[in-house]
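Visitor: Take this structure first; my questions come after.
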Amino acid sequence: MSIAVMIIALCLIAIVGLQSCAVMFGGHLSQNEGVRGSGAAGIDLHFTGYRNTAAICA
């Protein structure tokens, strides 16, 4: 059961990471600091979620 939860969590974290990278890239292209900051916050959420998932499933 914990392996299935870990796989699902890692897939969701990967989706959040890709979406945040896309937002940050779009903010960079449009030179919009607010959008770029939102992407950076998403990247931070991505790494925090990954670290928590690894700690729970270990």
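Visitor: I need every pair where a residue in segment 5-34 that is more than 15 Å from residue 46 (Cα to Cα) has its Cβ under 9 Å from the Cβ of a residue that is in a helix (DSSP H, G or I) and among the hydrophobic types (A, V, I, L, M, F, W, C), sequence separation at least 6 or different chains.
Guide: Final answer for the pair search is 5/56; 5/57; 26/35; 27/35; 27/40; 28/35.
Visitor: I'd like the residue in segment 2-36 that is out of contact with any His (no Cβ under 9 Å at 6 or more places or on another chain) and β-branched (Val, Ile, Thr) and, out of all such residues, is surrounded by the most Cβ atoms within 10 Å (Cβ to Cβ).
Guide: If we take residues in segment 2-36 being out of contact with any His (no Cβ under 9 Å at 6 or more places or on another chain) and β-branched (Val, Ile, Thr), then 23 is surrounded by the most Cβ atoms within 10 Å (Cβ to Cβ).
Visitor: Here's a follow-up. Residues that are at pLDDT 75 or above and outside any helix (DSSP H, G or I): does segment 20-35 have at least one?
Guide: Scanning segment 20-35 turns up at least one residue that is at pLDDT 75 or above and outside any helix (DSSP H, G or I).
Visitor: Does residue 9 satisfy the criteria of being at pLDDT below 80 and in a helix (DSSP H, G or I)?
Guide: No: the conditions fail for residue 9.
The values are calculated or read from the model by the stated rules, or taken from the named source; none is laboratory data. Being a predicted model, the structure only gives us computed values, none of them experimental. All Cβ positions, even for glycine, are placed from backbone atoms using ideal geometry, and neighbour counts span all protein chains on display.
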